[in-house]
Structures are given as structure tokens and as C-alpha cells.
Amino acid sequence: MQKRSWAEPYKIKMVELLKMTSPEDRRKAILAAGLNTFLLRSEDVYIDLLTDSGVGAMSDRQWSGIMMGDEAYAGSRNFYHMRDTIEAYYSYKYTVPTHQGRGAEHILSKMLIKAGDYIPGNMYFTTTRLHQELAGATFVDVIVDAAHDPDNTMPFKGNVDFDKLNALVDDVGAEKIPYICIATCVNMAGGQPISLRNLKELRVWCDKHDIRFVHDMTRVAENAYFIQKQEIGYADKSIQEIVYEICQLSDIATQSSKKDAMVNIGGFLAMNDAVLYEEACALVVVYEGLHTYGGMAGRDMEALAIGIVESVQDDHIHARVGQVEYLGQRLMDHNVPIVQPVGGHAVFLNARKILPHLRQEHFPAQALSAALYQESGIRSMERGVVSAGRDKDTGENYMPRLELVRLTIPRRVYTQAHMDVTAESVVDVMHKADQVKGLRFTYEPELLRFFQARFEEINPA
Ligand code: PM9
């Protein structure tokens with residue numbers, strides 16, 4: 001039988017019109033933005049692949065849920081719906097809503113970290129590591145080496161390397177490690193999944209060392225897709241079943257619900273320990289809001305409860321990751337160097353290879369991202385040395401092996417034709433790559449510098 005293509009399991013009911021711009025308009029706009037795509041005005045962007053965060057298209061059911069918001073200060077009906085959905089689909093008993101993922105990271109770090117602690121993780125994420133550091137901990141990367149190699153095609157590049165984990169325990173002692181922080185579909189590695197086998201081994205390791213297992217479940221449904229597709233024994237399990245099985249292995253979870261769960265704003269901290277939950281409630285009232293709304297409106301909690309259910313449907317996730325794979329394949333067909341295998345939420349361009357004439361201290365990925373905008377109006381995000389920031393102790397720039405530009409696909413927003421235009425635009429930029437100049441900072445914020453930094457071109461490249 002002929003193989004069937006995936007297709008979107010929805011049809012379009014409302015559209016948002018886009019503005020087309022000229023190369024001159026775009027040159028002006030990107031210079032005014034200090035060559036930082038975060039500082040562009042959205043109305044100057046044609047195809048917005050900056051992020052998949054809070055920019056997905058909500059369904060008619062989610063929008064209906066918005067109209068059912070119970071905006072009571074305390075005990076909103078929507079909170080209980082959200083909490084019960086989280087328990088039913090993700091297994092966690094107790095939920096503390098937060099305004100978004102970093103709100104949950106903040107509370108978690110304050111709750112569990114003491115100065116001088118170490119937090120191992122399968123690669124850093126910007127906000128996650130910052131909250132760990134602000135609480136006095138040092139982040140330690142324990143992801144497999146393959147994750148740092150964009151050309152390594154190993155299937156589960158989000159896996160943890162137990163030799164690295166054991167070396168850390170030998171070095172600092174288990175009592176200095178309050179928890180391990182494991183992301184499903186590791187963002188900074190290129191959206192790379194972790195296998196269930198690795199997750200199960202981690203559970204055993206955590207029990208052995210009496211270390212808590214924290215799950216950054218921001219992109220758990222996409223991770224489940226790769227498990228279903230590639231891990232032995234899971235082909236016949238549904239995404240919903242796999243997601244539940246993943247979650248059951250951990251003690252605590254943080255989620256930025258703006259990604260897989262498809263809401264414009266929201267997140268949570270969830271757990272199974274009643275005592276910890278009381279502590280989290282005590283902190284959430286200080287930093288976010290009452291424990292039955294955190295930083296969320298009732299309507300947004302309702303949209304989240306519905307989004308969670310939609311996010312674990314097999315048809316949805318196959319089309320969602322299918323679209324990312326489609327863009328990745330189009331780029332590979334034109335020999336564009338990208339991180340392989342293609343991950344769950346984005347295609348990552350290898351800026352080192354596309355701009356070999358630029359040294360890493362001249363921010364090749366930042367420069368490539370600005371050049372792509374100028375060429376086509378497509379907005380992407382730097383994920384390299386600028387995002388990595390500086391070592392908190394030495395003040396030196398981290399120099400990550402991955403110097404990438406992320407083309408992030410919002411969920412249910414763009415069509416295959418937008419993906420075609422994106423691929424063609426990247427190829428066009430690649431053909432004039434030698435004209436792209438290196439950059440230097442004109443303004444460098446101290447924390448999470450990639451958001452607000454400004455740059456100028458170095459002349460000549
Ligand atoms: N991720 C992203 O575009 C949005 C901000 S860019 C710093 O990829 C993980 C794995 C994330 C994430 C945000 C957060 C923070 C935590 N973990 O943005 O605070 O990808 O909701 O979540 C972004 P919030």
C-alpha cells in the first residue's frame with residue numbers, strides 16, 4: 001500500500017493577515033532593533049519563527065473555554081478543571097499554577113536549592129539555569145556528548161550520560177544535589193528527545209541516591225512522539241499513554257504551558273508530595289498569586305485544561321512534528337547544514353558551517369538570524385554564544401559547541417507553503433553567506449542577555 005502523508009487534523013476558521021515588507025523596510029527595522037530579532041516589532045515580521053511559546057493557534061474549543069472563565073479570586077472552577085486534567089493526563093497530584101514556566105522554575109529553585117548545591121541537567125535552558133544560579137546552585141551538564149554534535153544522528157540525543165552523573169556524585173556528594181532537572185525534548189540541543197529507557201534508569205538512579213527527579217515537561221508530548229516512533233515496544237502505545245508513563249517516573253514537574261499545551265500564557269509546578277505542595281503554596285502567594293490561580297486568569301486555566309487534552313492526540317502530534325520534519329527535509333534537500341536528527345519543535349541551522357568566515361566571538365548565529373530577517377522577513381532566534389551568556393564565577397563567555405539559529409514552528413499556525421518559503425529564503429541567504437558580517441555588542445544586559453542585547457556590524461567581516 002502507498003504510504004499516506006500526514007495532514008493537519010483541523011481546518012482554518014479565522015485568519016490573521018500578514019504585512020509584506022520590502023528589503024529596504026527590513027534593513028531599517030533590523031538596524032533599529034540593534035540586529036536582535038527579539039527587538040523587532042511583530043508587525044514588521046512576515047513569517048514569525050522566533051519561538052513556539054504562547055504563539056500557537058488555540059482551537060475553537062479552547063476559545064469557548066475562554067468564555068467560561070470563572071474569575072473568582074479564590075477557588076476558581078477552572079483551577080479545579082486544570083488540576084484534575086493535570087492529574088489525569090500527567091499523573092501529578094498537586095498543582096500550583098504560575099504565570100508561565102519561569103514562574104514555576106523560580107518557586108522550585110527557591111524551595112529546594114541551598115547555596116553551594118549542584119543541579120545536574122540534560123543541557124541547560126536559559127531561564128532554568130538562571131533560576132538555579134540565582135538560588136545559589138551550579139548547573140552541571142550531564143547530557144550525552146552526542147547532543148553537542150549537530151551532525152551526530154543518534155536517535156535520543158536528550159539522554160543523560162550516567163558516567164557524568166556518577167562523576168558528579170563522586171565529586172560533590174549526593175547531599176549537595178537536591179534534584180536532577182530533566183527536560184523532555186531538549187530545547188537547546190535542537191528539540192532532541194530522551195528515551196523512556198533512559199528515564200526509567202534515571203528513576204532508579206534517583207532512588208538509589210535519594211535525589212529528587214524534576215521533569216521540565218514543556219515539550220513532553222513531542223518527546224512521546226519520538227518514543228512512539230523509535231523506541232522498541234512503544235509503536236502501539238498512544239501518545240497519551242506514553243506521556244503518562246514519562247510523567248509517572250518523576251517527582252516534580254515544571255511546565256511552560258505556552259508550548260505543547262497550546263495556551264498563550266500559563267504554566268505550573270506540579271508534584272506528588274503533599275508537604276512540598278504546602279511549601280510551594282506558601283511561596284506562590286508571595287511571587288505569583290493565590291495558590292488557586294498563580295499568575296493565571298480563570299479563562300486561561302480553562303484553555304490550558306482543554307489544550308492538555310488536545311496536545312496528546314496522536315493525529316495532532318503527528319502533524320505537528322511532521323511539519324517540523326518537512327521543513328528540515330526541504331533544507332537538507334538543499335544541503336543546508338542543520339542539527340540532525342530534526343527535533344520536535346524547530347529546525348536549527350548550523351551557523352558555524354553556514355558562516356565559516358566568522359569566529360564565534362563575532363556571534364555568527366546572531367548575524368545569520370539578522371541576515372535571514374533582512375532577506376525574507378522571517379524571524380528566527382539565536383541559540384549560540386549570545387544565549388549561553390557568561391560564566392557566573394569567571395565572567396567569561398560560555399562558548400557552546402552549538403552555534404545555532406532556531407526556526408521554531410508555532411503549533412497549528414503556518415501552512416506547508418510557509419515552510420517552502422522559509423526553506424527557499426534560508427537557501428538564498430546561504431548562497432550569499434560571505435556577505436554576512438560579524439557583530440559586536442553595543443549593549444549587553446547582565447541577565448538573559450539575548451532578549452535585549454543590541455549589536456552593530458563589524459566592518460569588514
Ligand atoms: N522557552 C522558547 O522560545 C521561550 C522563552 S526563550 C528564553 O523556547 C523550557 C524547556 C523552555 C522555556 C521557554 C521555559 C521557560 C522553560 N523550559 O517562557 O517562562 O523552552 O514560559 O518558560 C522559550 P516560559
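FYI, it's all coordinate maths here, none of it is from the lab. Bear in mind that the values here come from a model prediction, so they are computed numbers and not experimental data. All Cβ positions, glycine included, derive from the backbone under ideal geometry; neighbour counts span all protein chains shown.
Okay, here's what the table says:
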quantity: Residues satisfying the stated conditions in segment 17-35, i.e. surrounded by fewer than 18 Cβ atoms within 10 Å (Cβ to Cβ) and among the charged types (D, E, K, R); calculated: 19, 24, 25, 27, 28
quantity: Residue list for segment 94-125, filter: under 19 Å from the mean Cα position of the chain (by Cα), among the hydroxyl-bearing types (Ser, Thr, Tyr) and either in a helix (DSSP H, G or I) or more than 16 Å from the ligand (Cβ to nearest atom) (or both); calculated: 109
quantity: Entirely in segment 316-423, the helices (runs of 4 or more DSSP H) that have 1 or more residues that are within 16 Å of the ligand (Cβ to nearest atom); calculated: 364-376, 385-388
quantity: Hits in segment 74-95 - residues which are surrounded by fewer than 18 Cβ atoms within 10 Å (Cβ to Cβ) and under 10 Å from residue 271 (Cα atoms); calculated: 87, 93
quantity: Per-region count, segment 29-59, residues among the aliphatic types (A, V, I, L, M) and within 13 Å of the ligand (Cβ to nearest atom); calculated: 3
quantity: Selection within segment 36-58 - buried (at least 19 other Cβ atoms within 10 Å of the Cβ) and over 20 Å from residue 347 (Cα atoms); calculated: 40, 58
quantity: Any hit, segment 424-431, residues being buried (at least 22 other Cβ atoms within 10 Å of the Cβ), under 30 Å from residue 261 (Cβ atoms), over 21 Å from the mean Cα position of the chain (by Cα) and hydrophobic (A, V, I, L, M, F, W, C); calculated: yes
quantity: Residues (more than 16 Å from the ligand (Cβ to nearest atom) and charged (D, E, K, R)) located in segment 424-453; calculated: 424, 428, 432, 434, 437, 440, 444
quantity: In segment 259-271, the residues that are within 16 Å of the ligand (Cβ to nearest atom) and either closer than 14 Å to residue 87 by Cα or surrounded by fewer than 24 Cβ atoms within 10 Å (Cβ to Cβ) (or both); calculated: 264, 265, 268, 269, 270
quantity: Lone qualifier among 274, 280 - being among the small types (Gly, Ala, Ser), more than 16 Å from the ligand (Cβ to nearest atom) and crowded, with 20+ Cβ neighbours inside 10 Å; calculated: 280
quantity: When residues of segment 297-344 are limited to those that are of a type in the set (Lys, Arg) and under 30 Å from residue 372 (Cβ atoms), the one surrounded by the most Cβ atoms within 10 Å (Cβ to Cβ); calculated: 320
quantity: Condition met for residue 111 (closer than 19 Å to residue 256 by Cα, among the aliphatic types (A, V, I, L, M) and surrounded by fewer than 20 Cβ atoms within 10 Å (Cβ to Cβ)); calculated: yes
quantity: Among (1) closer than 19 Å to residue 124 by Cα; (2) surrounded by fewer than 24 Cβ atoms within 10 Å (Cβ to Cβ); (3) basic (Lys, Arg) - the single one residue 383 does not satisfy; calculated: (2)
